[in-house]
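Novice: Mind having a look at this structure? Questions to follow.
The values are calculated or read from the model by the stated rules, or taken from the named source; none is laboratory data. Because the structure is predicted, anything quoted here is derived from the model rather than measured. A quick note on method: Cβ atoms are made from the backbone with ideal geometry, for glycine too, and the neighbour counts reach across all protein chains shown. Just the protein is used for accessible areas: all its heavy atoms, side chains included, with ligands, DNA and RNA removed. Shrake-Rupley method; radii C 1.70, N 1.55, O 1.52, S 1.80 Å.
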Amino acid sequence: MLKTELCELLGIEYPIIQGGMAWIATGELAAAVSNAGGLGVIGAGHAPAEVVRSEIKKAKELTNKPYGVNVMLLSPHVEEVIEVVYEEEVPVITTGAGSPGKYIDKLKEVGTKIIPVVPSVALAKRIARLEVDAIIAEGTESGGHVGNLTTMALVPQIVDAIDLPVIAAGGIADGRGLSAVLALGAIGVQVGTRFVCAEECTVHPNYKEAIIKAKDRDAVVTARSTGHPVRNLKNKLTRQMDKLESNGASKEKLEELGVGRLQHAAEEGDVKEGSVMAGQIAGMVEQEQPAADIIQEFIQQAEGVLKENIELIGE
Ligand code: TUI
């Protein structure tokens, strides 16, 4: 059975972490993934701390297994969210959009494992000096806020640059991706887009349908000129963003147009004028499935690939 160092580190059965997607990854999804043997992660995004607390309580009611919270470090509520994570003694946090440095001592008091997400070697090196437990190397194939490097180029460079365990993210939708990043030196994967289409995911059905219908080139990056590029599915909003950008619109104007659009797509189901954040592998997601089936498929497929690879070597 496929086990890695990540399983021991987090007390989980399979080396799969679910991406903590803002407005999408609720307590229900996180609990379903954790019950299925992965690590389910609640997305705090920009939500107020009490909303995050209620999702944590939901997850705790639905599972006895370890789970996590993704803390978006640019959130206006980040200080209060950290306080809630501390009070609720959340087993694991992943962090995005910065360095979790100033929160580490406090969270270590309650035994929280800390796993920052980084898009570059420079950031990985800076963060590896802190008391963190592992690092997620997130390639530009991911949905949402993205860096520039691909998973294929980023993961081995981070593996070589730091002494911490590395988890790969971006462009991974099945067991082929999992076995590929193990070959790059990662100890596991973080998977977002495919879990959006888990049955237990409470996002609006239109959002899931948009991912299921998407083809290979549909997940495009908008707002590059703002310095905060976002990968989302091509629609009326992305065309409007591109047009404004090519007409030389200011960073402020472009950012203003993006405000609230993810929530609008995720909760209201407006997949035309909302931001349907999704990764480049959206074209590989073909159906809605229980989280447990997604995880079982990942593991069986990865085991098959790894066995075939051993056979390639021969005697
Ligand atoms: O955080 C993500 N992806 C996200 S967050 C998000 S929430 C959102 N809500 C409304 C509108 C737009 C977005 C959607 N997708 N991925 C992790 C990630 N972290 N990617 C890049 C980084 C990152 C960037 C800079 C990590 C550290 C960092 O450090 C900067 C510094 O100088 O400390």
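Novice: Identify all residues within region 198-213 that are touching a residue at least 40 places away in the same chain (Cβ under 8 Å) and either over 19 Å from the mean Cα position of the chain (by Cα) or within 12 Å of Gln18 (Cβ to Cβ) (or both); write none if there are none.
Specialist: Those that are touching a residue at least 40 places away in the same chain (Cβ under 8 Å) and either over 19 Å from the mean Cα position of the chain (by Cα) or within 12 Å of Gln18 (Cβ to Cβ) (or both): Ala198, Glu200, Cys201, Pro205, Asn206, Glu209.
Novice: Would you confirm, using the coordinates I've provided, whether Val78 is free of Cβ contacts under 8 Å to residues at least 12 places away in the same chain, assigned by TED's automatic domain parsing to the domain that holds Ser179, among the aliphatic types (A, V, I, L, M) and crowded, with 16+ Cβ neighbours inside 10 Å?
Specialist: Answer is yes for this residue.
Yes/no matrix, rows are residues, columns are (1) more than 26 Å from Thr222 (Cα to Cα); (2) open to solvent by 50 Å² or more (accessible area, probe 1.4 Å); (3) out of contact with any Lys or Arg (no Cβ under 9 Å at 6 or more places or on another chain):
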residue: Glu89; (1), (2), (3): yes, yes, yes
residue: Ile115; (1), (2), (3): yes, no, yes
residue: Ile136; (1), (2), (3): no, no, yes
residue: Ile162; (1), (2), (3): yes, no, no
residue: Ala168; (1), (2), (3): no, no, yes
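Novice: Right, next: I need the full set of residues from region 101-121 which are of a type in the set (S, T, N, Q) and within 9 Å of the ligand (Cβ to nearest atom), in order please.
Specialist: Once the filter is applied, which keeps residues that are of a type in the set (S, T, N, Q) and within 9 Å of the ligand (Cβ to nearest atom), region 101-121 yields only Ser120.
Novice: Additional query: Does region 68-101 hold any residues that are of a type outside the set (A, V, I, L, M) and in contact with a Leu (Cβ under 7 Å, 6 or more places away or on another chain), and which are they?
Specialist: Selection gives Gly68, Tyr86, Thr95, Gly96, Gly98, Pro100, Gly101.
Novice: If you don't mind, there's one more thing I want to ask. Residues Leu6, Leu29: which one is outside any loop (DSSP other than H, G, I, E, B), open to solvent by less than 60 Å² (accessible area, probe 1.4 Å), more than 27 Å from Leu262 (Cα to Cα) and in contact (Cβ under 8 Å) with a residue 40 or more places away in the chain?
Specialist: Result of the check over Leu6, Leu29: Leu6.
Novice: Out of all the residues in region 250-274, which are open to solvent by less than 40 Å² (accessible area, probe 1.4 Å), farther than 11 Å from Trp23 by Cβ and within 10 Å of the ligand (Cβ to nearest atom)?
Specialist: If the condition is that a residue be open to solvent by less than 40 Å² (accessible area, probe 1.4 Å), farther than 11 Å from Trp23 by Cβ and within 10 Å of the ligand (Cβ to nearest atom), then Gly258 is the only one that fits.
Novice: In the list Thr95, Thr26, Thr63, which residue meets the criterion of being among the hydroxyl-bearing types (Ser, Thr, Tyr), away from the ligand (no atom under 16 Å from the Cβ), in contact with a helix residue (DSSP H, G or I) (Cβ under 9 Å, 6 or more places away or on another chain) and assigned by TED's automatic domain parsing to the domain that holds Val196?
Specialist: From the options Thr95, Thr26, Thr63, the qualifying one is Thr63.
Novice: Answer yes or no as to whether Glu199 is assigned by TED's automatic domain parsing to the domain that holds Gly27, open to solvent by 50 Å² or more (accessible area, probe 1.4 Å), of a type outside the set (Val, Ile, Thr) and under 24 Å from Val69 (Cα atoms).
Specialist: Here the answer is yes, as Glu199 does meet what is asked.
Novice: Looking at region 124-149 only, could you name the residues that are without any contact (Cβ under 8 Å) to a residue 24 or more places away in the chain and over 25 Å from Cys7 (Cα atoms)?
Specialist: Correct list: empty.
Novice: Ok, one more. Exactly one of these conditions fails for Asn235: (1) within 16 Å of the ligand (Cβ to nearest atom); (2) over 20 Å from Ala47 (Cα atoms); (3) in contact (Cβ under 8 Å) with a residue 60 or more places away in the chain. Give me its number.
Specialist: All conditions pass for Asn235, except number (3).
Novice: Determine whether region 37-45 contains at least one residue that is away from the ligand (no atom under 15 Å from the Cβ) and in a loop (DSSP other than H, G, I, E, B).
Specialist: yes
Novice: Let me ask you something else. Restricting the first residue to region 278-297 and requiring it to be farther than 19 Å from Ala30 by Cβ and assigned to a helix (DSSP H, G or I), which pairs with a second residue that is at pLDDT 95 or above and charged (D, E, K, R) meet a Cβ separation below 6 Å and a spacing of at least six or different chains?
Specialist: What qualifies is Gln280/Glu141; Gly283/Lys215; Gly283/Asp216.
Novice: Need the failing condition index for Asn70 against (1) buried (at least 24 other Cβ atoms within 10 Å of the Cβ); (2) away from the ligand (no atom under 13 Å from the Cβ); (3) outside any helix (DSSP H, G or I), just the number.
Specialist: (2)
Novice: Another one. With respect to Ile56, is the statement that it is of a type in the set (Val, Ile, Thr) and either open to solvent by 10 Å² or more (accessible area, probe 1.4 Å) or touching a strand residue (DSSP E or B) at 6+ places or on another chain (Cβ under 6 Å) (or both) true?
Specialist: no
Novice: Please count how many residues of region 223-249 are open to solvent by less than 80 Å² (accessible area, probe 1.4 Å), modelled with pLDDT of 95 or more and assigned to a loop (DSSP other than H, G, I, E, B).
Specialist: Looking only at that region, the number is 3.
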